[in-house]
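Chemist: Okay, here's the structure, questions in a sec.
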Amino acid sequence: MNTAEQILQDVFGYGEFRPGQEEVIATLAAGKSVLAVMPTGAGKSLCYQIPAVMADRLTVVISPLLALMDDQVSALRTNGVDVACIHSGQTREQNIIEWRRVKDGAKLLYLSPERLMTERMLAALSAIQPTMFVVDEAHCISKWGASFRPDYEHLSRLPDLFPESTVAAFTATADRATRDDIAEKLFRGNGLAVVYGFDRPNLRLTVENKASWKLQLMRFLEDKAGQAGIVYCLSRKFTDEVAVYLREQGLNAIPYHAGQTAEQRKVNQDRFMSEDAVVMVATIAFGMGIDKPDIRYVCHLNLPGSLEAYYQEIGRAGRDGAPAETLLLHSLRDMGMRRQFIANEGDDAHRRREHHRLDALLAYCEASECRRIALLAYFDEVSGACGNCDNCLFPPSVVDGTERAQTLLSTIRQTGQVFGAGHVIDIVRGVKSQKVLERRHQNLETFATGDQWPKDEWTVFVRQLVAAGILSINIQKYGCLELSERGYALLAGEGPFSYREGNITRSDLKAVKKKIDQPVGLCDVSLLSQLKTLRLELARARNVPAYVVFSDSTLIEMAGARPTTLDGMSGINGVGPKKLQEFGAIFLRAISEEGPQTVV
Ligand code: ADP
Ligand code: ZN
């Protein structure tokens, strides 16, 4: 019997587990359902691939993107795992062959959600009784989530249809509301929900008010020559415009958006994956399933859709763990545009939820304390000041708001923590609205104690309290404001709380340049680029993306260690026996032909 650890080494070529992997694997192997929230790059795939290889019956993997599915399948086959894949991007004949693989004992079957949910497929799978169903990008099942997909909703029938099967759900971004919803839909709450933390300490978080995107972007890119990064834009037109501008500035910038042909997008993506120092200027169409570990920066020139979306997008930087920078530019105009989008989608409840999500994002933008505290608080994670965000590095000038905050918190507590910001602000400002009068809130002792501040200044103040993790916005309950533990502590006299007053301009952010450490470290850069070229040739010949051959981190390690024997090669992380056999000799030759070492 193979243990998880043996499979990790013998099949995937890795020396040890990453945090969380072992626990998820053990839980699944014991037949208990799991919802695992793990940050991007944590290694979610292995969490289900290893139990699937260990099991004697089939594991079905449901994944939202055909391209991503194909890549996973090629990657598994390259490692010698027997896997099948059925989706509408393949011919009928191909799908028949793939089904035969399942009958012949394939360990995994990758399926698109709509394929799984046909009556024929469900009947065929009933006869097989799969051990496990894996739902990748599980947040897509939830209407609470930032990227709901209607075809995922049907997956909530799975626990009724296959009560004996284990369910493994994975996501990198899900706030509390989304997590509860996923667990309820996929295993009726009878499973383990584990959150392996959202913290990505190597990402530097910076947010600025948008004054001139050109100046701000160029200043951001100033010290990033030679590095790869992504610049996110909202519209296709703006994406093209930014790419042209950056090219005029002498940068290797490529646009990417859904208005291009599939072929053009593939070429652009390949260039990003294989060339050094490409600035990908893209809409959110770009990014899902990009496994490039050395993306050094992500810049948002427009406000993202929500904190979940933002977290996911910046999460593409620095997957190798080396320092990476992020910059978000926001403006009132962007905010208005987002509100407009929301006004045109879904039902009332959905719109309300999305407005509250946007409020949480704005709170983050206006945070006067550590950004990381604010971002992690949104995902219910408590952390200390990071020392690595704009607010930590260049603290904004703030005023003491302890008493003001206490007044507000006390109002919220006395009114039962069931009202949104609008009503609570009316109370402290002394507005005798109908709602105030109906509930006799004019009799509260905090009524009208804060009338020296206009409404919009109160709104900004509330956002800063949310950003500091003192208040939270309950998205499931009409966006009502609730006190967090820190909120109760502040109310009990544990201060202070400082906030940024008035309108926020960040002229003080004339960046003191902090040179980011070279990510590659001691490794032969010219050899690395030769290995990358070789990888691209091999990948093209096999019609798979480059990382299926070897990931960047594997090549970086190879270029650093310069193995001279197959045995030495097998010691590199990411070189399993199957890949060793297929590519080992070719890469050894490239290394030996490269000549003497030129370490930088
Ligand atoms: P996620 O889906 O969580 O973003 P992936 O499953 O794509 O992450 O894994 C990210 C990268 O980390 C992949 O290149 C994968 O092969 C690698 N990886 C996963 N687990 C390990 C491990 N235990 N040791 C080394 N590398 C690993
Ligand atoms: Zn910080």
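The values are calculated or read from the model by the stated rules, or taken from the named source; none is laboratory data. Computed from a predicted structure; not experimentally measured. Note that we place each Cβ from the backbone using ideal geometry, even for glycine, and neighbour counts take in every protein chain shown. Ligands, DNA and RNA are excluded from the accessible area calculation, which covers all protein heavy atoms including side chains. Shrake-Rupley method; radii C 1.70, N 1.55, O 1.52, S 1.80 Å.
Chemist: Of the options 452, 410, 564, report the single residue whose Cα projects farthest towards the positive end of the charge dipole of the chain (beta-carbon charges: Lys, Arg +1; Asp, Glu -1).
Modeler: The residue sitting farthest along the positive end of the dipole is 452.
Chemist: Further, regarding this structure: Report the extension gain between residue 348 and residue 188 in nm, rounded to one decimal, defined as 0.36 nm multiplied by the number of residues separating them, less their alpha carbon distance.
Modeler: 55.0 nm
Chemist: Another one. At 7 Å along the Cα-to-beta-carbon direction for both residue 156 and residue 586, put a label point, then send me their distance in nm to one decimal.
Modeler: Going from the residue 156 label point to the residue 586 one covers 4.7 nm.
Chemist: With r defined as the distance between the Cβ atoms of residue 149 and residue 66 and R0 fixed at 22 Å, what FRET efficiency is calculated, to the nearest 0.05?
Modeler: Rounded to the nearest 0.05, the efficiency is 0.95.
Chemist: Counting residues in the stretch 383-469 as N, plug N into 2.2 N^0.38 Å and put the Cα Rg over that result.
Modeler: Rg over 2.2 N^0.38 Å, computed on Cα atoms: 1.24.
Chemist: Ignoring any ligand, DNA or RNA, what whole percent of the accessible area of the chain comes from carbon and sulfur when the probe is 1.4 angstrom?
Modeler: 50 percent
Chemist: Of all DSSP beta bridges located in the chain, what percent are antiparallel, nearest 5?
Modeler: Beta bridges within the chain, antiparallel portion: roughly 10 percent.
Chemist: Give me the accessible area per residue for the chain, probe 1.4 Å, as a whole number in Å².
Modeler: Solvent-accessible surface per residue comes out at 43 Å².
Chemist: Per Stokes-Einstein, at 25 °C and 0.890 mPa s, what whole-number D in µm² s⁻¹ belongs to the chain, with the Kirkwood radius over Cα pairs as the hydrodynamic radius?
Modeler: Answer from the Stokes-Einstein relation: 94 µm²/s.
Chemist: To the nearest 10 degrees, how steep is helix 236-248 against the longest Cα principal axis of the chain, on a 0 to 90 scale?
Modeler: 70 degrees
Chemist: Would you kindly derive the ³J(HN,Hα) couplings of the stretch 259-272 from the backbone phi angles with the Karplus curve 6.51 cos²θ - 1.76 cosθ + 1.60 (θ = phi - 60°), listing them in order in whole Hz, with x for Gly and Pro?
Modeler: Working through the residues one at a time gives x, 8, 6, 4, 5, 4, 5, 5, 4, 5, 5, 4, 4, 4 Hz.
Chemist: While we're on this one: Which whole-number percent is the relative contact order of the chain (Cα, under 8 Å, 6+ apart)?
Modeler: The normalised contact order for the chain reaches 14 percent.
Chemist: Also: Calculate how steeply helix 119-128 sits against the longest principal axis of the alpha-carbon atoms of the chain, using the helix alpha-carbon long axis, and give the answer as 0 to 90 degrees to the nearest 10.
Modeler: Computed tilt is about 60 degrees.
Chemist: Counting only the backbone N, which residues of the stretch 577-595 are under 19 Å from the spot 7 Å out from the Cα of residue 562 toward its beta-carbon?
Modeler: 585-595
Chemist: Give the total of Lys-Lys pairs in the stretch 203-393 with Cα-Cα distances below 21 Å; include a pair only if its members are 8 or more places apart or on different chains.
Modeler: Lysine pairs meeting the criterion: 7.
Chemist: Something else now. HN-Hα J couplings of the stretch 334-347 from phi, Karplus 6.51/-1.76/1.60, θ = phi - 60°, integer Hz, Gly and Pro as x?
Modeler: 4, 5, x, 5, 4, 4, 4, 3, 4, 4, 9, 10, x, 8
Chemist: Given points 7 Å out from each Cα along the Cα-Cβ axis, report the residue 380 to residue 129 separation in nanometres with one decimal.
Modeler: With each label point 7 Å from Cα toward Cβ, the separation is 3.5 nm.
Chemist: Between residue 225 and residue 270, what FRET efficiency follows from the Cβ-Cβ distance if R0 is 25 Å, with the result rounded to 0.05?
Modeler: So the FRET efficiency works out to roughly 0.70.
Chemist: Could you calculate the FRET efficiency of residue 488 with residue 573 from 1/(1 + (r/R0)^6), where r is the beta carbon distance between them and R0 is 56 Å, rounded to 0.05?
Modeler: 0.75
Chemist: Can you run the Rg to Rh ratio on the stretch 203-393? Use alpha carbon positions and the Kirkwood inverse-distance Rh.
Modeler: Result: Rg/Rh = 0.96.
Chemist: Give me the one-decimal nm value for the distance between modelled label points at residue 9 and residue 26, 7 Å along each residue's Cα-to-Cβ direction.
Modeler: Calculated label separation equals 1.9 nm.
Chemist: So what J values fall out for the stretch 460-466 if you push phi through Karplus, 6.51 cos²θ - 1.76 cosθ + 1.60 with θ = phi - 60°, rounded to Hz, Gly and Pro as x?
Modeler: 5, 4, 4, 4, 5, 5, 5
Chemist: Still on this structure, please answer the following. Calculate, in nm to one decimal, what residue 261 and residue 437 gain on full extension: separation in residues at 0.36 nm each, minus their alpha carbon distance.
Modeler: So the extension gain works out to 57.5 nm.
Chemist: Whose amide H sits under 5 Å from the amide H of residue 142, counting only residues 5 or more places off or on another chain, with H placed in the peptide plane?
Modeler: HN-HN under 5 Å from residue 142: 149.
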